[in-house]
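Data first, discussion second: the structure below is written as structure tokens.
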Amino acid sequence: KTEDFSVLVDPRQRQWSSLNLDHLKLRCLDLNNIIVISSVLGQSVALDHYHAKVDLMLKDFTRVNQEMEETGNFNMSKKTLFQLVAQNNSTYSDSITKIKLLEKPSEAAWKYAHYGAIWDQLRSEFELEERFQRLSLKLELMQNNVKYFLEILQNRKSDTLEWIIIILIAGEIILCLYDIYDRAQEKKRAEEEKRRARLEHQEARQLGLEQP
């Protein structure tokens, strides 16, 4: 997407600057005017870049949501989700710290009303604040998606830990039952040996009595 915006210089113009639909008309193009104009144009291009970047990330989330709707399964890997979290955070941070929408580009724009007026007019013309609000809404939507998916991963991890605990408890119960069974068998063998020894003793006594 490209847009043409022209800057015209007319020394005969009575006003310092006038803004029309597709061009800015100046009485003088000095360094401060160049700084103000280039700053707003740079912010506009940066907003387009971040909007395109966020739209690509939203497509990934839309795809995952559609897959969950169709299959009921969440198939995004933890690594991919963490990468999207990092991209979302860096985009939000960069859009504030690098674009600097609320900061005037030069001291002249703060000190002199005619430079400040150009800054305000161009910001309004390129709808910088409205576009930043739309970007913020997209980033907020992504944060909500990220929070939801992280909760799914956390619940999945909790479920896994619960199954591990259940398996460990079941294993411990099996070991206890085996130990009880082994002790019962050992006790039974001991009683059997005692009974056999008692019988042998009785038989020996009987044989002793029968001898002349």
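Using the Cβ of residue 15 as centre and a radius below 13 Å, the other residues enclosed give a net charge of +3, where K and R count +1 and D and E count -1. Volume per residue for segment 1-81 equals 118 cubic angstrom (convex hull of Cα atoms).
When the solvent-accessible area of segment 34-91 is split by element, carbon and sulfur atoms take up 55 percent of it, the probe being 1.4 Å.
Within the same chain, aspartates and glutamates fewer than 8 places from residue 98 are excluded, and of the rest, those with a Cα less than 14 Å from its Cα are 48. Ordered from highest to lowest accessible area with the whole protein assembly present and a 1.4 Å probe, 201, 23 read as 201, 23. Counting only protein chain heavy atoms and rolling a 1.4 Å probe, the accessible areas of 179, 10 rank, largest first, as 179, 10. Shown here are the Rg and Dmax of the Cα trace of segment 22-150, at 19.2, 64 Å.
The values are calculated or read from the model by the stated rules, or taken from the named source; none is laboratory data. Computed from a predicted model, the values in this text were never measured in an experiment. Neighbour counts are summed over all protein chains in view; Cβ atoms, including those assigned to glycine, are modelled from backbone coordinates with ideal geometry. To get the accessible areas, we keep the full protein, side chains included, count just its heavy atoms, and leave off ligands, DNA and RNA. Shrake-Rupley method; radii C 1.70, N 1.55, O 1.52, S 1.80 Å.
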